[in-house]
2 protein chains.
Amino acid sequence: MRTSLDCLPCIVRQAVDSARMVTKDEKQILKMMQLVFQNLAEADLAMPPPEIGQEIYAIIRRELKNSDPFLKLKKMSTERALALAPEVKEKIISSDYPFATALAFAIAGNILDFGVRSDWNEAVISGSFHKAAQKAKMFDTGKIETLYSEIKNAKKILYLGDNAGETVFDRLFIEQFPGSAEIFYAVKSSPVINDATFTEAVEAGLHNVAKIITNGADIPGTVLRKCSPDFLSHYQSADIVISKGQGNFETLNEAERKIWFLFQVKCEVIAQHYGYSLGDWLLLESLASE
Amino acid sequence: MRTSLDCLPCIVRQAVDSARMVTKDEKQILKMMQLVFQNLAEADLAMPPPEIGQEIYAIIRRELKNSDPFLKLKKMSTERALALAPEVKEKIISSDYPFATALAFAIAGNILDFGVRSDWNEAVISGSFHKAAQKAKMFDTGKIETLYSEIKNAKKILYLGDNAGETVFDRLFIEQFPGSAEIFYAVKSSPVINDATFTEAVEAGLHNVAKIITNGADIPGTVLRKCSPDFLSHYQSADIVISKGQGNFETLNEAERKIWFLFQVKCEVIAQHYGYSLGDWLLLESLASE
């Protein structure tokens, strides 16, 4: 998707917030923001928002001299998610339809915002658990059946990861995959925001259920023309591609191959443009034919 | 006050929204936004937000070839406010303390957002009326008494206007002023956002209760070093200065003379910085001594 004019204030907001995670020096942040504005003055809005984000976050890393500003946050997210994993797994296994429950928790993992929330407590967690259990029941059963059956018959599955922490829930979901497909879990090659890289995927234990690969880029999404040949070969040859998170949706929603998108609608631009509501949990089978 | 880093996304958001009031041509808006970003890349955040806004809105007017993008909105705001005026005046006169009630309505006028709201209906209006009546009772009586007494004893009062439409409520407030001071009502010299200029002040009938003057600038606030010598002479010689709206507060809160500020807190930056809450209705006697 193109970047909307409405994404611009949001990109500026994210740049300020991200910089504040690294430093409290407002002068240093202002100097960095001047470069961000210079970049935005020349940005091509034909690019999807995550591709614009790639340049913005590169400026942040370079100017604040921090190659991975979200490292601590990512670590905390993974630790919190790992601490919840046994309980979540129990809920998945004891549910009527473990595959659907695990799928809902994989989306829930996208919004628990493990590291960010200051009000992280039992109530928030149990609220999210409850929501995931409810959502699992609300998803279109026919669509879940289709995905289940495709996974069962697949020889090769490519799973596109999103944030650190969420990765743990992806693992719990993959554990419920039927069949015996070879599974590839793709992460970003270099740090960008709180997206999982190889390190965070391993910390989440994904190497136990999939082969972890990197996509060759540092974009909070998947821009194919900026991905590595190796990744692209997996992308083309996989029987199924499962894409997690809004960033991957923003960059792959016009892809030529069929993709299963799992994400929560996190912004009004996406909601209005595609006719969803803010906060919707989506399991989408993209329109493109295989 | 200085412009906060948190004002930057808000300024970008306002620029996009303002441009959309003039044109639906997203390409034209994007071209304009590139200039906005170039400007922000060099902006001096030591300036208050309205002064940064001055340049941004000048870019919008120039690039979209529209010298007064908010003209229609301002006209509609004034018309709607005028239609409500008889009822408001009746409520003021029949209240226990007409001066305090009129003061509350003058602040209410700042937030009715006459032209913007699409859900403008009886319920919204009566809700605002009810709130103004409640607020009138909640204001610090001692402070209102002080202002009342100062107005009563003043020879010359300078009243700094804010938005079109709100101007009508300013008139109803001025009508309740005790004493016989000469009253000057200052507006912006040239159009900027929906701020009142001479035209909108006359449409609101302010010429019947005050002498309307212009401040020499096109800033959505009052930046003294950019105001005209004539305005400054009124500003210095007035016994009382009454300042309406957040924009005037942002630009005059560190002024060397005492100012009475009447406004509603419309953003989190102001709320957090000064210890108010978003939505607070304020009657502030500035700390600077006369």
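The values are calculated or read from the model by the stated rules, or taken from the named source; none is laboratory data. Just so we're clear, the structure is a prediction, and the values are computed from it rather than from any experiment. No Cβ is skipped: glycine too gets one built from the backbone with ideal geometry, and neighbour counts run over all protein chains shown. Accessible surface is based on the protein model in full, side chains and every heavy atom, while ligands, DNA and RNA are left aside. Shrake-Rupley method; radii C 1.70, N 1.55, O 1.52, S 1.80 Å.
With both bridge residues required to lie in the protein assembly as shown, what share of the DSSP beta bridges run antiparallel, to the nearest 5%? It would help to have the intermediate numbers written out before the result.
Values: 12 of 46 bridges.
Bridges in the protein assembly as shown that DSSP calls antiparallel: roughly 25 percent.
Provide the three semi-axes, in whole Å and in decreasing order, of the ellipsoid equivalent to the protein assembly as shown as defined by the square roots of 5 times the Cα gyration tensor eigenvalues.
55, 25, 21
Return the tail of the calculated pair distribution for the range A:152-290, meaning the percent of Cα-Cα pairs more than 28 Å apart.
Value for the range A:152-290 (Cα pairs over 28 Å): 11 percent.
So how strong a dipole does the protein assembly as shown carry about its Cα centre when Lys and Arg Cβ are +1 and Asp and Glu Cβ are -1, to the nearest 20 debye?
240
Suppose all protein chains stay in the model; what accessible area per residue would a 1.4 Å probe give for chain A, in Å²?
With all protein chains present, chain A gives 42 Å² per residue.
Taking just the C-alpha trace of the range A:191-235, give me its Rg and Dmax in Å.
My reading of the Cα-based Rg and Dmax gives 10.9, 30 Å.
Taking all protein chains as present, what is the carbon and sulfur share of the accessible area of the range A:1-112, in % to the nearest whole number, probe 1.4 Å?
Within the range A:1-112, the accessible surface is 54 percent carbon and sulfur.
Report in % the part of the accessible area of the range B:199-290 that belongs to carbon and sulfur, leaving out ligands and nucleic acids; probe 1.4 Å.
Whole-percent figure for carbon plus sulfur exposure: 48.
Evaluate the distance, in nm, between pseudo-label points positioned 7 Å from the Cα of residue A:140 and of residue A:122 along their respective Cα→Cβ axes.
3.9
In Å² (nearest 100), what accessible area is buried between A and B, both sides summed, heavy protein atoms only, 1.4 Å probe?
Accessible area lost upon association: around 1800 Å².
Relative to the compact globular guide of 2.2 N^0.38 Å, what is the alpha carbon radius of gyration of the range B:10-109, as a ratio?
Cα Rg divided by the expected 2.2 N^0.38 Å: 1.49.
May I ask you to find the residues of the range B:32-69 that are shielded by at least 50 Å² of accessible area once the whole protein assembly is considered instead of their isolated chain (probe 1.4 Å)?
Buried-area filter returns B:37, B:41.
Per residue in the range A:2-16, which ones lose no less than 10 Å² of accessible surface when going from chain alone to all protein chains (1.4 Å probe)?
Buried on complex formation: A:5, A:6, A:8, A:9, A:12, A:13, A:16.
Can you compute the radius of gyration and Dmax for the range A:236-290, using only the Cα atoms, both in Å?
In order Rg, Dmax, the Cα atoms of the range A:236-290 give 11.2, 34 Å.
What lysines does residue B:31 reach when the alpha-carbon gap must be under 21 Å and sequence neighbours fewer than 8 apart in one chain are set aside?
B:65
Only four residue types carry charge here, +1 at the Cβ of Lys and Arg and -1 at the Cβ of Asp and Glu. Report the dipole size of chain A about the Cα centre in Debye, rounded to the nearest 20.
Roughly 440 debye, rounded to the nearest 20.
Mind checking the full-extension length gain between residue B:202 and residue B:273? Use 0.36 nm per residue of separation minus the Cα-Cα distance, one decimal, nm.
Taking 0.36 nm per residue and subtracting the Cα distance, the gain is 22.0 nm.
Name the helices (complete DSSP H segments) of chain A with a Cα length along the long axis of 15 Å or more and a Kyte-Doolittle mean of at least -0.5, or state none.
A:7-22, A:26-41, A:71-93, A:98-111, A:122-138
To the nearest 500 deg cm²/dmol, what mean residue ellipticity at 222 nm is calculated for the protein assembly as shown from DSSP H runs of n ≥ 4 alone, each contributing -39,500 (n - 2.57), summed and divided by the residues?
The helix contribution divided over the protein assembly as shown gives -16500 deg cm²/dmol.
Go ahead and run the numbers for FRET between residue A:87 and residue A:42, Cβ-Cβ distance against an R0 of 51 Å, rounding to 0.05.
0.60
Dividing the alpha-carbon Rg of chain A by 2.2 N^0.38 Å yields what? Intermediate values should be presented prior to the final figure.
Details: Rg = 18.4 Å, N = 290, 2.2 N^0.38 = 19.0 Å.
Relative to the 2.2 N^0.38 Å estimate, chain A comes out at 0.97.
Can you tally the lysine pairs in the range B:127-242 where the Cα-Cα distance is under 22 Å and the two residues are eight or more apart, or on different chains?
The result is 13.
Using label points projected 7 Å from each Cα along Cα→Cβ, tell me how many nm separate residue B:131 and residue A:31, to one decimal.
Here the answer is 4.3 nm between the modelled labels.
From zero outward in steps of 5 Å, how is the percent of C-alpha pairs of the range A:118-202 spread across the bins?
Each 5 Å bin holds this share of Cα pairs: 3, 12, 16, 19, 19, 18, 10, 3, 0.
Antiparallel DSSP bridges in chain A: what percent, to the nearest 5?
Antiparallel: roughly 25 percent of the beta bridges in chain A.
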